[in-house]
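Please read the structure below before turning to the comments.
The values are calculated or read from the model by the stated rules, or taken from the named source; none is laboratory data. Since the model is a prediction, treat every value here as computed from it, not as a measurement. Because the Cβ atoms are built from the backbone with ideal geometry, glycine has one as well, and the counts that use them run over all protein chains shown. Side chains are part of the model used for accessible areas, which takes the heavy atoms of the whole protein and leaves out ligands, DNA and RNA. Shrake-Rupley method; radii C 1.70, N 1.55, O 1.52, S 1.80 Å.
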Amino acid sequence: MSSSTVITNIAALVTNDPSLGDHSPLGLVRDAAVVIEGDRVVWTGESSKAPATDNRVDAEGRAVLPGFVDSHSHLLFAGDRTEEFNARMSGRPYSAGGIRTTVAATRAASDAELEASLTRYLAEALRQGTTTFETKSGYGLTTADESRALRVAARHTDEVTFLGAHIVAPELADDPAAYVDLVTGEMLDACAPHARWIDVFCEKGAFDGDQARAILTAGKAKGLHPRIHANQLSYGPGVRLAVELDAASADHCTHLTDADVDALANSRTVATLLPGAEFSTRAQWPDARRLIDAGATVALSTDCNPGSSFTSSVPFCIALAVRDMGMTPDEAVWSATAGGAAALRREDVGRLVPGAYADLTLLDAPSHVHLAYRPGVPLVAGVWRRGVRKV
């Protein structure tokens with residue numbers, strides 16, 4: 001029988017269960033405790049009412065919240081794009097290949113090199129409180145390179161996404177229809193066994209609405225559930241396509257019509273916002289306030305990738321969302337935990353309630369609000385993943 005542990009003397013516990021504590025969406029419990037048994041939470045409540053356990057951890061008046069759920073990242077890559085970023089931030093023209101630069105480096109890397117890179121970024125994210133993450137392929141763009149990326153990813157997470165439709169592969173740039181045929185045929189057959197999700201970059205210069213529908217529909221037929229890069233750089237059909245296909249999330253959602261917002265608000269599709277991308281490209285911020293006020297479910301994630309958002313820090317994205325996207329600190333924390341879980345259609349993460357995984361982040365602060373109040377400060381003092389302390 002597994003041993004039990006109580007984490008007690010918690011100043012503020014975010015449960016994300018509105019039936020608890022202050023009955024807000026965060027279900028905030030003051031002077032709280034959490035009991036872990038094995039890999040699950042078995043009890044939450046006030047410290048004075050905590051049951052007896054085998055082990056005891058004193059939070060010393062600090063805050064505890066669910067581990068962050070990063071539902072959008074691109075961690076299967078080699079190389080970096082420092083020069084591209086430096087040029088962009090310096091106002092200098094730079095004509096290197098963007099995503100194609102990363103594709104070339106990733107194709108040239110060995111499996112061992114890709115896995116070493118992945119595990120390094122995962123460890124970096126864990127130290128900052130991320131306990132659940134999704135990651136995508138999309139930097140191979142051949143059947144062999146896409147499938148090997150997914151095989152590597154599947155050794156480290158259940159939330160693996162096939163993104164063969166990131167851009168048209170360079171060697172088929174003059175024949176995008178042939179590339180769509182490849183993605184929906186041979187490449188999908190090779191990749192589907194290693195993935196849970198299928199994604200497509202629906203944008204001018206990548207894939208149009210009809211191509212995106214064909215790719216996502218083919219993925220659904222193979223048992224993969226859709227998510228989509230939608231409306232990042234311009235207005236387009238991506239959000240409404242996501243809702244039409246019951247995609248788990250429409251990601252970016254920067255350029256939205258009223259009809260797009262209404263569609264999201266009246267669907268199960270989560271609007272996943274990725275402020276690291278806007279920060280790193282000086283682009284227009286998504287309007288989280290508009291989405292939340294309309295009733296849409298919003299998630300916050302890092303979009304960690306070497307080109308447009310090279311951060312693995314969910315706390316940094318929370319601070320950006322509060323400062324520049326109209327979110328309150330409570331909303332941003334909910335979106336980075338329960339919102340991310342909703343974007344992955346998960347109920348066993350993103351909450352601290354009996355039956356959920358014991359994924360917890362301990363802050364060196366008395367309140368979760370400090371994540372936005374003290375931006376850039378390394379506040380994560382402890383991380384438990386599935387009941388085991390990792391940090």
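In units of 2.2 N^0.38 Å, what is the alpha-carbon radius of gyration of the stretch 265-391? All intermediate terms of the calculation are to be shown ahead of the outcome.
Working: Rg = 14.5 Å, N = 127, 2.2 N^0.38 = 13.9 Å.
Cα-based Rg divided by the globular estimate yields 1.04.
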Next item on the list: Given the options Met89, Met187, Met327, state which has the largest fluctuation in a GNM of the chain using a 10 Å cut-off (strictly under) for Cα springs.
Entry: Met89
Item checked: Simple label model, 7 Å out from Cα along Cβ direction - Asp54 to Ala259, nm -> 5.9
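With +1 on the Cβ of every Lys and Arg and -1 on the Cβ of every Asp and Glu, and nothing else charged, how large is the dipole of the chain about its Cα centre, in debye rounded to the nearest 20?
Numbers: 36 positive and 49 negative charges, 136 e Å.
For the chain, the charge dipole is close to 660 debye.
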Notebook entry, point to check: So what does the Cα-only Debye profile of the stretch 89-128 read at q = 0.21, 0.25 Å⁻¹, as log10 I(q)/I(0), no solvent term?
Noted result: -0.78, -0.83
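Output the direction-averaged projected area (hull surface divided by four) of the convex hull of the alpha-carbon atoms of the stretch 154-286, in nm². Write down the numbers at each step before the final one.
On the way: hull surface 33.7 nm².
Its average projected convex-hull area is 8.4 nm².
DSSP loop trypsin sites (Lys or Arg not before Pro) in the stretch 227-335 with at most 16 other Cβ atoms within 10 Å of their Cβ, which ones?
When the trypsin sites (Lys or Arg not before Pro) of the stretch 227-335 are filtered for loop state and at most 16 Cβ neighbours within 10 Å, Arg268, Arg282 remain.
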Checklist line | Amide proton proximity set for Gly45, modelled H, under 5 Å, gap of 5+ | finding: Ala33
Note to self: Less than 14 Å Cβ to Cβ from Gly355, Lys/Arg counted +1 and Asp/Glu -1: what total charge do the surrounding residues give?
What the structure shows: -2
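Per residue of the chain, what 222 nm ellipticity follows from adding -39500 (n - 2.57) for every DSSP H run with n ≥ 4, rounded to the nearest 500? Walk me through the intermediate numbers first.
Working: 15 runs with 130 residues, N = 391.
-9000 deg cm²/dmol, from helical runs alone.
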Item checked: Estimated vicinal HN-Hα couplings, Hz - the stretch 273-284 in sequence order (Karplus 6.51, -1.76, 1.60; Gly, Pro = x) -> 9, 10, x, x, 5, 5, 4, 7, 10, 6, 9, 5
Next item on the list: Would you mind telling me which residue in Ser73, Ser90, Ser24 has the biggest mean-square fluctuation in a Gaussian network model of the chain, where springs connect alpha carbons within a distance under 10 angstrom?
Entry: Ser90
Check: With θ set to phi - 60° and the Karplus curve 6.51 cos²θ - 1.76 cosθ + 1.60, what are the ³J(HN,Hα) couplings of the stretch 217-231 in order, to the nearest whole Hz, using x for Gly and Pro?
Finding: 5, 5, x, 4, 5, 9, x, 8, 9, x, 9, 8, 7, 10, 6
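May I ask you to work out the translational diffusion coefficient for the stretch 52-123 at 37 °C, viscosity 0.692 mPa s, via Stokes-Einstein with Rh from the Kirkwood sum over Cα pairs, reported in whole µm²/s? Can you show the working numbers first?
Values: Rh = 16.1 Å.
Stokes-Einstein gives a translational diffusion coefficient of 204 µm²/s.
Roughly speaking, what % of Cα-Cα pairs in the stretch 337-391 are separated by over 15 Å, rounded to a whole number? Working shown, then result.
On the way: 831 of 1485 pairs.
Here the long-distance tail beyond 15 Å is 56 percent of all Cα pairs in the stretch 337-391.
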Checklist line | Expected-Rg normalisation [2.2 N^0.38 Å, Cα atoms] applied to the stretch 48-171 | finding: 1.40
Margin query: Tell me the relative contact order for the stretch 195-240 as a rounded percent, counting alpha carbon contacts under 8 Å between residues six or more apart.
Written below: 47
Item checked: Unit charges at the beta carbon, dipole of the chain: most positive-side option, Ser309, Ala169, Pro366 -> Pro366
Next item on the list: Could you pull out the longest piece of the chain with no exposed loop chymotrypsin sites (Phe, Trp or Tyr not before Pro) in it, calling a site exposed if DSSP puts it outside H, G, I, E, B and it has at most 14 other Cβ atoms within 10 Å?
Entry: 236-391
Item checked: Rg to Rh, two decimals, where the chain supplies the alpha carbon set and Rh follows Kirkwood -> 0.98
Checklist line | Highest-MSF residue in the chain out of Gly129, Gly236, Gly91 [GNM, Cα springs under 10 Å] | finding: Gly91
Next item on the list: Could you state how much accessible area Ser367 has, in square angstrom rounded to the nearest 10, with a 1.4 Å probe and all protein chains kept in place?
Entry: 20
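Run through the stretch 126-217 and list the trypsin sites (Lys or Arg not before Pro) located in a DSSP loop whose Cβ has at most 10 other Cβ atoms within 10 Å.
Details: sites: Arg127, Lys136, Arg148, Arg151, Arg155, Arg196, Lys204, Arg213; in loops: Arg155, Arg196, Lys204.
Qualifying residues, ordered by number: Lys204.
Taking the Cβ of Asp158 as the centre, find all other residues whose Cβ is under 10 Å away and add up their charges (Lys, Arg: +1; Asp, Glu: -1). Please list the in-between numbers first.
On the way: positive: Arg196, Arg346; negative: Glu134, Glu159.
Summing Lys and Arg as +1 and Asp and Glu as -1 gives 0.
Tell me the carbon and sulfur percent of the accessible area for the chain, rounded to whole percent, probe radius 1.4 Å.
That fraction is 51 percent.
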Notebook entry, point to check: Mean 1/r over all different Cα pairs, inverted: what Kirkwood radius does the stretch 1-98 give, in Å?
Noted result: 16.7
Next item on the list: Run the numbers on the chain and let me know its relative contact order in percent, using alpha-carbon pairs under 8 Å that are six or more apart.
Entry: 19
Item checked: Per residue solvent-accessible surface (Å²) - the chain, probe of 1.4 Å -> 39
